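A.B. asks: Sharing a structure, written as structure tokens. Questions coming.
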Amino acid sequence: MPRPKKHSESAETVGFTPRLVLASILLFFVALGLSTLFVTHNENDEQIYLTLADKVSKNFTDYTLQGTPLLAQLPQGTYNQPIFLRPPLFAYLLALLGFFQGRVLLPLISGLGALWITFFIGKKLGLPPSTALNACLLLSVCPILLFASTRILIDALLALLVSVTLLLFLTAQERSSAILFILAGVVFGLAILTKETAVLIVPVLLYVTFRRTDEPLKTLLYFSFPAVLVCSPWFYYFHKLTGTFIKGSEITEENLKLPFVDMMVHRPWYFYFVQIVSLSPVYAFGYFEIAERLKKNETLTEAVWVVSYFVPLTIFGLLGQGYQTRYVLPAIPGLALLTANGLRRRANWATITAIFLLAYALWAAVLNSLLFRPGDLFWPFEFLVEFARKSV
């Protein structure tokens, strides 16, 4: 990891060396992710989005699984609907990228973008460039980001749009720019059109608004009006066809007979908090950083970012809707920034420890994303246990 200087670097411009390091990190991530070109994408969710992309590429309004062979393999209460239950942006982007391997590259490009944007968010939050680079390094071997970037799933695109929303919002505050607040609202609307959980970034936006802005209501008006304008037609149309504005997956007794669904629903309530550090233990320094900031009464922007996703999605799981690791991906850049700053505060032993922990995270990332390709991310040693069972 690049070592921070002892004096404050928050006012530094991005010079040649930071740009070179950032470019190297991005290239490393691309090198890992390009292996997705050589594997099959046959998981249920991947097949769902590929099927939808095929349908809307032929008929722009045919955003439904009805009339497809795939529908017979899926829970009818959830998927046998006149319109697909999730917002449509991802499927339409896949349709636009229907040329050779273009659809596979959309998640990878989105993950790469989220990684790149994280550096600039760190700088806007006053972190030294070296610390922001460390956060990018953490993300480049993050099992969750690589998993989402090598699957034809919505999560990497969602993480990118949420991160861009926050960056534009912070930049708009810095420049007192109504245009940038409006642009942030447009991007936020697109994030909601990717997945409704984009709204979980709102507590972060409110936190920085009331902490930094002299005219918070005016700021929020500039932001919210274009966001509503962008996403409201979808919700109106969805309500017109289904009678409800949002429809979640139905977890029935029949669904629970499937081992993966049963496991997803019956995971422990603390799943996200523990699962993240079991996949990448270096993130434990991020948890310590939250405690440190509370103790010293420092800014909590990144902490609010993490909590705004972890807590509501934990409650969502407790309500019987299940836990999947990738659901919290939009908050992982915030956790990476917290982790990098937590390491900056500590002595050299923390950096040495972090190097070994990053190697572990890379191992977990390769196992989950590039070799075994399970339906969700799992603790690396679970693969060894499963391999031993099959070998007996």
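The values are calculated or read from the model by the stated rules, or taken from the named source; none is laboratory data. Bear in mind that the values here come from a model prediction, so they are computed numbers and not experimental data. Note: ideal-geometry Cβ built from the backbone for every residue, glycine included; neighbour counts use all protein chains shown.
A.B. asks: If you go through region 286-306 one residue at a time, do you hit one that is of a type in the set (A, V, I, L, M, F, W, C), over 21 Å from the mean Cα position of the chain (by Cα) and farther than 26 Å from A365 by Cβ? Please lay out each step first, then the result.
C.D. replies: To start, the set of residues in region 286-306 that are of a type in the set (A, V, I, L, M, F, W, C) comprises 288, 290-291, 294, 300, 303-306.
Imposing the further condition that a residue be over 21 Å from the mean Cα position of the chain (by Cα) reduces the set to 288, 291, 294.
If we keep only those that are farther than 26 Å from A365 by Cβ as well, we get 291, 294.
Scanning region 286-306, I find at least one residue that is of a type in the set (A, V, I, L, M, F, W, C), over 21 Å from the mean Cα position of the chain (by Cα) and farther than 26 Å from A365 by Cβ, so the answer is yes.
A.B. asks: So, L65, is that one loosely packed, with under 14 Cβ neighbours inside 10 Å, within 26 Å of the chain's Cα centre (by Cα) and either in a helix (DSSP H, G or I) or not aromatic (F, W, Y) (or both) or not?
C.D. replies: Numbers: loosely packed, with under 14 Cβ neighbours inside 10 Å: no; within 26 Å of the chain's Cα centre (by Cα): yes; either in a helix (DSSP H, G or I) or not aromatic (F, W, Y) (or both): yes.
No: the conditions fail for L65.
A.B. asks: Would you confirm, using the coordinates I've provided, whether F245 is under 25 Å from G317 (Cβ atoms), of a type in the set (A, V, I, L, M, F, W, C) and not in a helix (DSSP H, G or I)? Let's see the steps before the verdict.
C.D. replies: Working: under 25 Å from G317 (Cβ atoms): yes; of a type in the set (A, V, I, L, M, F, W, C): yes; not in a helix (DSSP H, G or I): yes.
Yes: the conditions hold for F245.
A.B. asks: Let me confirm something: among A53, A72, which residue is assigned to a helix (DSSP H, G or I), modelled with pLDDT of 85 or more and loosely packed, with under 11 Cβ neighbours inside 10 Å? Reasoning before the result, please.
C.D. replies: Details: A53 fails: loosely packed, with under 11 Cβ neighbours inside 10 Å.
Result of the check over A53, A72: A72.
A.B. asks: If L206 satisfies all but one of (1) surrounded by 14 or more Cβ atoms within 10 Å (Cβ to Cβ); (2) of a type in the set (A, V, I, L, M); (3) touching a residue at least 40 places away in the same chain (Cβ under 8 Å), what's the number of the condition it fails?
C.D. replies: (3)
A.B. asks: Moving on. Under 23 Å from T242 (Cβ atoms) and either under 23 Å from the mean Cα position of the chain (by Cα) or at pLDDT 95 or above (or both), is that true of Y92? Show your work before the answer.
C.D. replies: On the way: under 23 Å from T242 (Cβ atoms): yes; either under 23 Å from the mean Cα position of the chain (by Cα) or at pLDDT 95 or above (or both): yes.
Yes; evaluated as a whole, the condition is true for this residue.
A.B. asks: Specify the residue that is nearest to P330 (Cα to Cα); the eligible residues are those in region 95-108 that are more than 13 Å from the chain's Cα centre (by Cα) and part of a helix (DSSP H, G or I). Please lay out each step first, then the result.
C.D. replies: The first filter runs over region 95-108 and keeps only residues more than 13 Å from the chain's Cα centre (by Cα), leaving 95-106.
Those left that are additionally part of a helix (DSSP H, G or I): 95-96, 102-106.
On the way: A95: 24, L96: 24, G102: 23, R103: 21, V104: 20, L105: 19, L106: 16 Å.
In this case the residue turns out to be L106.
Let's see how each residue does on (1) aromatic (F, W, Y); (2) over 25 Å from E43 (Cα atoms):
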{"site": "N255", "(1), (2)": "no, no"}
{"site": "M263", "(1), (2)": "no, no"}
{"site": "Y272", "(1), (2)": "yes, no"}
{"site": "E289", "(1), (2)": "no, yes"}
{"site": "K296", "(1), (2)": "no, yes"}
{"site": "V307", "(1), (2)": "no, yes"}
{"site": "V311", "(1), (2)": "no, yes"}
{"site": "Y327", "(1), (2)": "yes, no"}
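A.B. asks: Also, quick follow-up: Could you grab me the full set of residues in region 96-128 that are out of contact with any Leu (no Cβ under 9 Å at 6 or more places or on another chain) and over 30 Å from A53 (Cβ atoms)?
C.D. replies: K123, G126, P128
A.B. asks: Among the listed residues T131, T40, which satisfies the condition of being in contact with a Lys or Arg (Cβ under 9 Å, 6 or more places away or on another chain) and within 23 Å of C142 (Cβ to Cβ)?
C.D. replies: On the way: T40 fails: within 23 Å of C142 (Cβ to Cβ).
Answer to the selection: T131.
A.B. asks: Give region 76-110 a look and list any residue that's of a type in the set (V, I, T) and surrounded by fewer than 21 Cβ atoms within 10 Å (Cβ to Cβ), or say none. Break it down into steps so the answer makes sense when it comes.
C.D. replies: From region 76-110, those of a type in the set (V, I, T) are 78, 83, 104, 109; that's our starting set.
Hits for region 76-110 are T78, I83, I109.
A.B. asks: Only residues in region 355-377 that are more than 12 Å from I144 (Cα to Cα) count as the first member; pair them with residues that are at pLDDT 90 or above and not in a helix (DSSP H, G or I), Cβ under 6 angstrom, at least 6 apart or cross-chain, and list the lot.
C.D. replies: Within 6 Å, the pairs are L358/V141.
A.B. asks: Pairs, please: C-beta under 6 Å, at least 6 apart or cross-chain, first residue at positive phi and in region 100-128, second in a helix (DSSP H, G or I)?
C.D. replies: Q101/L37
A.B. asks: Pull out all pairs, ordered by first then second residue, where Cβ-Cβ is under 6 Å, the residues are six or more apart or on different chains, the first lies in region 245-274 and is without any contact (Cβ under 8 Å) to a residue 12 or more places away in the chain and over 22 Å from S308 (Cβ atoms), and the second is among the hydrophobic types (A, V, I, L, M, F, W, C) and surrounded by 12 or more Cβ atoms within 10 Å (Cβ to Cβ).
C.D. replies: Correct list of pairs: D262/L256.
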